[in-house]
Structure formats: C-alpha cells, structure tokens
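Worksheet: one structure, shown below.
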Amino acid sequence: MPEKKVIIVTGGSGLVGKAIETIVTAEGSEGEKWIFLSSQDGDLCDYKATEAIFKKHEPTHVIHLAAMVGGLFHNLSHKLDFLLNNLRINDNVLQLSFETGVKKVVSCLSACTFPDKISYPIDETMLHDGPPHPSNFGYSYAKRFIDVANHAYNEQHGCMFTSVIPCNVFGPHDNFNLESSHVIPGLIRKLYNAIEKGDDKFRVLGSGTPLRQFIYSLDLAKLIIWVLRNYEEIDPIFLCVDEQAEVTIKQVAEEVVKSFNFKGDIVFDTTKPDGQYKKTASNTKLRNYLPDFQFTPFDIAVKETMEWFKANYKTARL
Ligand code: NDP
C-alpha cells in the first residue's frame, strides 16, 4: 500500500488556507491527510511550540502560509517586528521540516517583496535584483529569506523546499476590516456600509486608474495543491492571472457595484494617493506548465466573495 501523505498547512485559518481546505474538501484527497493549523495550535515564532506541532502531526509535507501580514501603515511603523517575527516563523518551519525529514515544503512569498526599481513585467528570476520598497523592507527581506534558505537546504542537504508567489489574493474568509483590508474586501465592506446607511454615493479612494492583477483564493488554492503534488523546482513560481487579466481599480469598483446591484454613483476621491501605477507580473512559467488552467472570471469571483461576506457578516474578520 502506498505510504499516506500527512500534509500540515500553517496559516490554515487565513484567506488562502481556508480556500485550500474548501478545495480539498470538495475534490477529495485519497491517500492524503490534511491538517489546517492556526496560531491557536502554537506560535510559530517559538521554536519549542513549532517542534511540538511537528511531533504531534508527523507531517510528510508542509504548505507554509503563516506570516505576520499587514497593510502599509502597520508595515511602516513595525519594520523590525515584521522582519524578526517572519524570519523566526520561516526559520522554525524550514528547520523543523528538515530535522523531521519532511519530503516537501511549499512556502508562500509575495509579489510585493520584489525590487522597488525594476522593469515590468516582473518574473521569478528578478526577486533578488535590488532592494524592496522601503515601506515594507522588513516583511520583504524575511520573505526573500525563504527562497535563499530553500536553495541552501537543497544544496547542502538535498531537501525539496520550494515556494510560490501569488499576486493580490481575494475571496471568502478575507480580512474585511476598513483600516487594514486589501482593496477588494475593503470596497465590498465600504459599499455594504453605504447601502446600509442609504447612501447613494460609493466613495473610492484615489483616481481609480492604477492597474492590478487579482487571483481568486479558490483558484490559488487549486494551483498551490498542484505545486505540492507536481512542481519539482526549488526556484519559485508565480501563481498569478494572465497579464491581459489586469484590471484598473475603477473596474474593480464597478464589479463590486454590479455584484450588489447598487444603483448610485461611484465617486473617486482624487485627493488620496494612488500607490504604484502598475506592478505587472508574468505568469509565463505557470502557463508553460498549465497552458489550459481556467481562472474564475473576475465578475463571478467578486460576486461570490460579496455573497460570502453578506452571508457571514457576523463571523467575518471585520
Ligand atoms: P491571513 O492574514 O489571512 O492569515 C495568516 C495566517 O497565519 C493565519 O492562519 C494566522 O493564524 C497565521 N499566523 C500568523 N502569525 C502566526 C504565528 N506567529 N504562529 C502561527 N500562525 C500564525 O493570510 P493570507 O491567507 O492572506 O496569506 C497567506 C500567505 O500568502 C502569507 O504568507 C502571505 O504573505 C501570502 N500572500 C498573501 C497575499 C494576499 O493578497 N493575501 C498576496 C501574496 C502573498 P490566526 O488565524 O490564528 O491568526
């Protein structure tokens, strides 16, 4: 009988972890035991707590999503915390994976850790080609450490530790807090509040012109599971929609409006900053592996996220 895979997912209670759980539950997982962890199962900044998790579950495979994540202002004011907590989390997870003979680790990097001054579209080879944006250098260097460590574990010990780089993720179980959310859950929450108050204006910060690539968390989950089962390179791979699927913030706002069937006006507050105009990433490497992968159409993904938010308003992260 083939040996059973035991897969632990660190950060299993977050946006991406919950999406993986949904896909695994829907599609089945014969020969695999999946365990979804949260910070309640142990603080991964702490070596002893991390060791206890590995002893308890004896994983053969690890999907490592857990991270201290935060918006721009939190990053700006807590660079040392973002650096040290994420370095500790990543170091503990990789070290214990090595010490306990885990066969494969898939960790999560982020497109926002790429060099600040770079040509677009960015691809996987450019990760270390210059310093990250000063606003989040603590988080960025801790993320880049994963790729450096993956290569070092492989070259010194032959470990199969790799990583993925998602573009902006959204979907059910996202953070809908008005202060710290990303753009799509933030706009969904804002319009929900506006409709509740009977407002006929939907106010969106900035000009609406910046371009972004968004991946639906359930699509990302399918791709991460594919990476776990099939991808054999140490180098990272972008898990990102095609360049042609890039949308403006204005288009995002319009999709959110459509999803709520809101009949009022969108007002762009151009006194607020826009951030970088674009940060396009190339998914050529992914497309070489999976030329036929179908991403969920953006309008359907936004509508499903909005419906999840409305149905789970009482328990969502607000
Ligand atoms: P969430 O913020 O939704 O979830 C974070 C997860 O990490 C939670 O399960 C949390 O547990 C856990 N966690 C945080 N700190 C610790 C700790 N000290 N010990 C144990 N567990 C901890 O994150 P996402 O799902 O959005 O992100 C997953 C990964 O994807 C991250 O590595 C992130 O950097 C990366 N990523 C995300 C993008 C996005 O747009 N969301 C874009 C690109 C990359 P608890 O619930 O108990 O707090």
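Before moving on, here are some points about what is shown:
- In segment 147-170, the residues that are out of contact with any Cys (no Cβ under 8 Å at 6 or more places or on another chain), at pLDDT 95 or above and within 9 Å of the ligand (Cβ to nearest atom): V169, F170
- Listed by position, the helices (runs of 4 or more DSSP H) contained in segment 175-281 that have at least 1 residues being surrounded by 18 or more Cβ atoms within 10 Å (Cβ to Cβ), touching an Asp or Glu at 6+ places or on another chain (Cβ under 9 Å) and among the charged types (D, E, K, R) are 217-230, 249-260.
- Test: residue in segment 193-213 that is within 15 Å of the ligand (Cβ to nearest atom), touching a residue at least 40 places away in the same chain (Cβ under 8 Å), β-branched (V, I, T) and on the phi < 0 side of the Ramachandran plot: no
- Residue that is nearest to the ligand (Cβ to nearest atom), among those in segment 101-121 that are closer than 28 Å to G12 by Cα and either not assigned by TED's automatic domain parsing to the domain that holds P236 or not in a loop (DSSP other than H, G, I, E, B) (or both): C108
- Hits in segment 124-156 (condition: surrounded by 16 or more Cβ atoms within 10 Å (Cβ to Cβ) and in a loop (DSSP other than H, G, I, E, B)): L127, H133
The values are calculated or read from the model by the stated rules, or taken from the named source; none is laboratory data. Predicted model only: the values in this text are computed from it and were never measured. Neighbour counts are summed over all protein chains in view; Cβ atoms, including those assigned to glycine, are modelled from backbone coordinates with ideal geometry.
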